[in-house]
Each structure stands twice: as C-alpha cells, then as structure tokens.
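Asks: Quick one: the structure is below, questions incoming.
The values are calculated or read from the model by the stated rules, or taken from the named source; none is laboratory data. Treat the numbers as computed from the prediction; the structure is a model and nothing was measured. Virtual Cβ from ideal backbone geometry, glycine too; neighbours counted across all protein chains shown. Please note that ligands, DNA and RNA were not included when accessible areas were found on the heavy atoms of the full protein model with its side chains. Shrake-Rupley method; radii C 1.70, N 1.55, O 1.52, S 1.80 Å.
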Amino acid sequence: MTASPYSVIIIGGGIVGLCVGLRALDLGLSATIVAKDDVMATTSAMSAGMVAPALEAMTEADPHLSFARYATAQKSWTAFADGIGLSEVLEMAQPGIWLWEPGPTADDMLKRFTDMGARAKLMTDASLGAIGYDAPFEGIEISGDWVISPEPVLAYLKNLFLERGGQWREANVLKVTAHEVVLTDDERLNAGHVVVCAGFGSARFAEGVPSLSALSPIKGHLLDITRKSDPALAGRMVRSPWGYFVFYDGLSKFGATMQSGRGDLDVEDSAVASLKDKSPKFTSGLVSAIDDDAVARVGVRAASPDHWPLIGKDAASGVWVATAMRRNGWIYGPYAAEAIIAGLTGVTLPDDAALYDPNRF
C-alpha cells in the first residue's frame, strides 16, 4: 500500500523529535513518533535544558562562529513558542550568568561576550549577593541565554502533540527506509517521509542511511539535586570554568562531564566524585552543598566529526535526519524541525540550513 505523501514518521521522542512532530502537524501533515523509551527516559529529559548561545559558545574553540550559529538556530524558538503556548515561559526566563574568580579582568571578560555579539552586562556586588555570591566572585549577565525545565516542557509537548492528532508508538525500530519503518516484531509502518531524530541511537541505522555513519557518542554525567530552590535562584543558570548549576523550582542540576567516544549508560563513581569535587568551587550561599542525596544521571549525545548537527535529507537513502546536536539539542530543536519540514514540503529553508547538510562527510 502506498503511503500518503502528507504523512511522516519520526524516530525519537526527545526535544528534536517532538519539535519535528509538532511542526509537521502545523503544516497539515499526519505525524507518528516512534520512540523506544518514554519521553522522561530520553537524554533530553535528563539534560539541563539550556538554550544559551553565548554561554555555550564561550567555552568553544571559535566563540564568534559558534555564537552566530547558535543564535541563528535559537531564533526559531520565538515562533515555535508562540504556536504552542510557551511564549510566557520564554518571556519570564532569567538571564544566564557567567561566574568567575579574579584572573581575567571584568572588562576583558565582558569584551569576550560582546565581541561575539552577546547582550552582556557586568553584575554589581549587590546583584551577585542577591543570588548568594560574594567577593571574590565576579559575574556577567547574558540576556537571551535562558534555561527551560526539561521534564515538564517535554511532557507538555508530548501531550500537545497527541491532542493535535499526532500518534505515539513506544517500540524498537530495526530498520528505516525513505518510506518505511520496520519494528522488532516485523511490523511495518509506511509514510510519505521518515525522519530519524534519535540522538546517538540514530547510529544504528547507518547501514541503510550512510550519513549516520559519521556519528560518534559523547557520554555525560550530571547530578540531580531534589531540593526546592531559593526563590532568588529559581529559573537561573550559572556557568563557570568549573561547570554549571541550573535551578528550577523543585529541582537543581549540576554538571557536566563530556566523555567523547563513550556510548554506555553506566554511572561511574569517578565521574560523580569529580562533579562533587568541583561543585563547592561555586555553590551559591543560598543553597546547601551537594551531598549523598544527589542523583547521578547519565545520557549519551551524538556528535559529528566537525561538531555541528546533521539536519537534512540523506542523499543515498532518502531518509531525513536531524541528529548530532552534541550538547545543544534544546537550542536546535525548533530550528531542526523548521529545516526538516521545510525541506520535505518544499518551502523556504531557514538561514544556515546548508551548513548542516548531512552528506558533507
């Protein structure tokens, strides 16, 4: 039976897969998400939920290039949020914070951010003190860098996807082609288009989708701290040379390790100990130190050889791919969705889309 050209099957139920599914429904396509895990078991759910172009770019080899690409991708969040009722969440987001101890001067550090194009300002002693940091710490606030609480937002997106007529299947996928998905019980699902958005899990389809052979894993640990945040910290993201804290209303996270080439999900005592050793270097005075109640979480992200995403149509197979977001799935989710659905419907692609051609390796 020939599938409707207006139907799409999406492999992967994290932030990228959900964004693709919702964008497909917006443009009148029928959409099915096939995920091997519940949405709360995805790497997207265990992550920090940072949409932070400047703070992400700050630690990379070419901050100017990275910031420009991240900022372009982030622009897709505005229209996406408007369409799904999340605009107020973004409007209320607190600016991100870069925190450091004396070394670089405040003017030099500020210049690093403003040179890349970020909206940055030095924090006063009073504004730092209000969130529990005193001398010798110095800080810079980054407007437009914000954090999204992953689990409630993912649950909201999944419910919205179902309410708008999307279909959700929890199943393991054996094989994908341009128009067919084969499940482990040999059930076959047909569609006009197939999109693989399964993070490093996408690599298992590389035999039939050659561009996915470029993927490599990056394992990451972070710590969940299940204590209510001080109101002054709720919604804040604080990054430093030693790691980051994110503070939600009833949960905080500290992270993270990045272990290139590792694809297992084992919790490593040494990695957890390393995080616990780093956290006291900049724990806010408004919260208790991380203790044994912290829960270690592990996720595996996908990376490409040049560290930029694969977003587009695999030339050999005809399968669409949106993966290799590395640590920036939350930045790229709506952008990847816009690019994929624009590509398969023939409408205008977003800016920079050609940069992420999955056939470039």
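Asks: Restricting attention to the stretch 28-60, and to residues there that are farther than 25 Å from VAL194 by Cβ and of a type in the set (D, E, K, R), which single residue is most open to solvent (accessible area, probe 1.4 Å)?
Replies: Looking at residues that are farther than 25 Å from VAL194 by Cβ and of a type in the set (D, E, K, R), I get GLU60.
Asks: Separate question: For the stretch 226-244, which residues satisfy the criterion of being closer than 20 Å to PRO150 by Cβ and touching a Lys or Arg at 6+ places or on another chain (Cβ under 7 Å)? Can you show your working first?
Replies: Kept after step one, since they are closer than 20 Å to PRO150 by Cβ, are these residues of the stretch 226-244: 226-229, 233-239, 243-244.
Within the stretch 226-244, just GLY243 meets the criteria.
Asks: Please go through the stretch 240-271 and give me each residue that is part of a strand (DSSP E or B) and closer than 12 Å to VAL300 by Cβ, ordered by number.
Replies: As a first pass, look at the stretch 240-271 and keep what is part of a strand (DSSP E or B): 240, 243-247, 252-255, 259-260.
Once the filter is applied, which keeps residues that are part of a strand (DSSP E or B) and closer than 12 Å to VAL300 by Cβ, the stretch 240-271 yields GLN259, SER260.
Asks: Is there a residue in the stretch 293-309 that is at negative phi, open to solvent by less than 70 Å² (accessible area, probe 1.4 Å) and acidic (Asp, Glu)?
Replies: Within the stretch 293-309, one or more residues are at negative phi, open to solvent by less than 70 Å² (accessible area, probe 1.4 Å) and acidic (Asp, Glu).
Asks: Let me ask another. Identify the single condition in (1) open to solvent by 10 Å² or more (accessible area, probe 1.4 Å); (2) within 17 Å of the chain's Cα centre (by Cα) that VAL246 does not satisfy, given that it satisfies every other one.
Replies: (1)
Asks: Looking at the stretch 35-59, which of its residues are in contact with an Asp or Glu (Cβ under 7 Å, 6 or more places away or on another chain) and free of Cβ contacts under 8 Å to residues at least 24 places away in the same chain?
Replies: None - no residue of the stretch 35-59 is in contact with an Asp or Glu (Cβ under 7 Å, 6 or more places away or on another chain) and free of Cβ contacts under 8 Å to residues at least 24 places away in the same chain, so the list stays empty.
Asks: Quick test of your reading of the structure: ALA316 fulfils all but one of (1) open to solvent by less than 70 Å² (accessible area, probe 1.4 Å); (2) outside any strand (DSSP E or B). Name the failing condition by number.
Replies: (1)
Asks: With the requirement that a residue be under 22 Å from the mean Cα position of the chain (by Cα), outside any loop (DSSP other than H, G, I, E, B) and either basic (Lys, Arg) or over 30 Å from ALA81 (Cα atoms) (or both), what does the stretch 277-313 give you?
Replies: Passing the criteria: VAL295, ALA296, ARG297, ARG301, LYS313.
Asks: Hey, another quick one. Tell me, which residue of the stretch 86-99 that is open to solvent by 60 Å² or more (accessible area, probe 1.4 Å) and not in a helix (DSSP H, G or I) is modelled with the highest pLDDT?
Replies: To start, the set of residues in the stretch 86-99 that are open to solvent by 60 Å² or more (accessible area, probe 1.4 Å) comprises 88-89, 91-92, 94.
From what is left, the residues that are not in a helix (DSSP H, G or I) are 92, 94.
Numbers: MET92: 82, GLN94: 92.
Only one residue tops the list, namely GLN94.
Asks: Further question: For THR78, indicate whether it is open to solvent by 30 Å² or more (accessible area, probe 1.4 Å) and touching a Ser or Thr at 6+ places or on another chain (Cβ under 9 Å). Can you show your working first?
Replies: On the way: open to solvent by 30 Å² or more (accessible area, probe 1.4 Å): yes; touching a Ser or Thr at 6+ places or on another chain (Cβ under 9 Å): yes.
Judged against the criteria, THR78 is a match.
Rundown of residues vs (1) within 25 Å of MET92 (Cβ to Cβ); (2) modelled with pLDDT under 95; (3) open to solvent by less than 30 Å² (accessible area, probe 1.4 Å), yes/no style:
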position: PHE113; (1), (2), (3): yes, no, yes
position: ALA118; (1), (2), (3): yes, no, yes
position: ALA130; (1), (2), (3): yes, no, no
position: PRO136; (1), (2), (3): no, yes, no
position: ILE140; (1), (2), (3): yes, no, yes
position: TRP146; (1), (2), (3): yes, yes, no
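Asks: Of all residues in the stretch 36-72, which are in a helix (DSSP H, G or I) and under 30 Å from ASP185 (Cβ atoms)? Steps first, answer last, please.
Replies: Step one: filter the stretch 36-72 for residues in a helix (DSSP H, G or I), giving 39-41, 43-46, 53-58, 63-72.
Of everything in the stretch 36-72, those that are in a helix (DSSP H, G or I) and under 30 Å from ASP185 (Cβ atoms) turn out to be VAL39, MET40, ALA41, THR43, SER44, ALA45, MET46.
Asks: Any idea how many residues of the stretch 226-239 are part of a strand (DSSP E or B) and open to solvent by 10 Å² or more (accessible area, probe 1.4 Å)?
Replies: As a first pass, look at the stretch 226-239 and keep what is part of a strand (DSSP E or B): 236-239.
Narrowing further to those that are open to solvent by 10 Å² or more (accessible area, probe 1.4 Å): 236, 239.
Qualifying residue count for the region: 2.
Asks: Within the stretch 148-172, how many residues are open to solvent by 60 Å² or more (accessible area, probe 1.4 Å), over 18 Å from ASP26 (Cα atoms) and touching a residue at least 40 places away in the same chain (Cβ under 8 Å)?
Replies: Start the filter on the stretch 148-172 by keeping residues that are open to solvent by 60 Å² or more (accessible area, probe 1.4 Å), which leaves 151-152, 156, 159, 162-164, 167, 169-170, 172.
Checking the rest, the ones that are also over 18 Å from ASP26 (Cα atoms) come to 151-152, 169-170, 172.
With the extra rule that they be touching a residue at least 40 places away in the same chain (Cβ under 8 Å), the set shrinks to 151, 169-170, 172.
Going through the stretch 148-172 one residue at a time, the tally reaches 4.
Asks: Count, please, the residues in the stretch 339-361 that happen to be in a helix (DSSP H, G or I) and open to solvent by 60 Å² or more (accessible area, probe 1.4 Å).
Replies: Within the stretch 339-361, the first condition is being in a helix (DSSP H, G or I), and the residues that meet it are 339-345, 353-356.
If we keep only those that are open to solvent by 60 Å² or more (accessible area, probe 1.4 Å) as well, we get 354-355.
Counting residues in the stretch 339-361 that are in a helix (DSSP H, G or I) and open to solvent by 60 Å² or more (accessible area, probe 1.4 Å) gives 2.
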